[in-house]
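I have placed the structure first, in the form of structure tokens, so that the comments after it can refer back to it.
The numbers here are math on the coordinates, done by the rules we state, and not lab data. Since the model is a prediction, treat every value here as computed from it, not as a measurement. Cβ atoms come from the backbone with ideal geometry, glycine included; neighbour counts cover every protein chain shown.
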């Protein structure tokens, strides 16, 4: 799967359940460990009115750097290749502008396609799918609620986590 190739974090997805009290939070953490086999490092509890929870939400700073390098390298190279392929198709079709200046048209097309790939790499690095989870945790902390944040390493573990959190609360959100 290309998504796994682009992401340099060990735990690329996250789920969060918003709970009313510490007892419920502790109970769901124990359930996640027992039923799904999650490790303690995958689960973080964010307390009510806690303000410095950024490391709990994004604990893999080195993984984010790897994501940036991988996503930009792979998608930039893919953009370059697609640009070259597009140029070859246009050149073979006989467009006069491309035929009259083949080198300049190839450079221009590959430049813009590579730039597009690099911009997609930036989008992947920014992880906009995490924004929804982060906003709900921030709102819960401000409202005096507990958040259980779970970092998962695949689609199966993410689905299991969402089901388990859903047994404890109706307020469950996740990233990709």
**Request:** Compute the Cα gyration tensor for segment 89-128, then decide on rounded, prolate or oblate, letting a ≥ b ≥ c be the square roots of its eigenvalues: rounded whenever a/c is under 1.5, prolate when a/b is larger than b/c in the other cases, and oblate in all that remain.
**Result:** prolate
**Request:** Could you please state, rounded to a whole Å, how far the C-alpha centre of segment 121-176 is from the C-alpha centre of segment 1-69?
**Result:** 8 Å
**Asked** How far is helix 61-92 tilted, in degrees, relative to the longest principal axis of the Cα atoms in the chain, given as a value from 0 to 90 rounded to the nearest 10?
**Response** 30 degrees
**Message:** With angles folded into 0 to 90 degrees, how steeply does helix 22-31 sit against the dominant principal axis of the chain? Use alpha carbons for both and round to 10.
**Reply:** 60 degrees
**Fill in**
Fewest-first ordering of 95, 146, 173 by Cβ atoms within 10 Å yields 95, 173, 146
**Message:** What do you get for the angle between helix 131-142 and the principal long axis of the chain? Use alpha-carbon atoms, 0 to 90 degrees, nearest ten.
**Reply:** 30 degrees
**Message:** Which of 52, 10 has the fewest other C-beta atoms within 10 Å, and how do the rest follow up to the most?
**Reply:** 52, 10
**Prompt:** Going by how many other beta carbons lie within 10 Å of each one, how would you line up 119, 104, fewest first?
**Reply:** 104, 119
**residue 92 versus residue 170: modelled label distance in nm, points set 7 Å from Cα along the beta carbon direction** = 5.8 nm
**Message:** Counting just the Cα atoms, what span does segment 63-126 cover along each of its three principal axes? Round to the nearest Å and put the largest first.
**Reply:** 47, 14, 14
**Request:** Return the ratio Rg/(2.2 N^0.38 Å) for segment 3-125, where Rg is computed over Cα atoms only.
**Result:** 1.69
**residue 132 versus residue 36: modelled label distance in nm, points set 7 Å from Cα along the beta carbon direction** = 1.6 nm
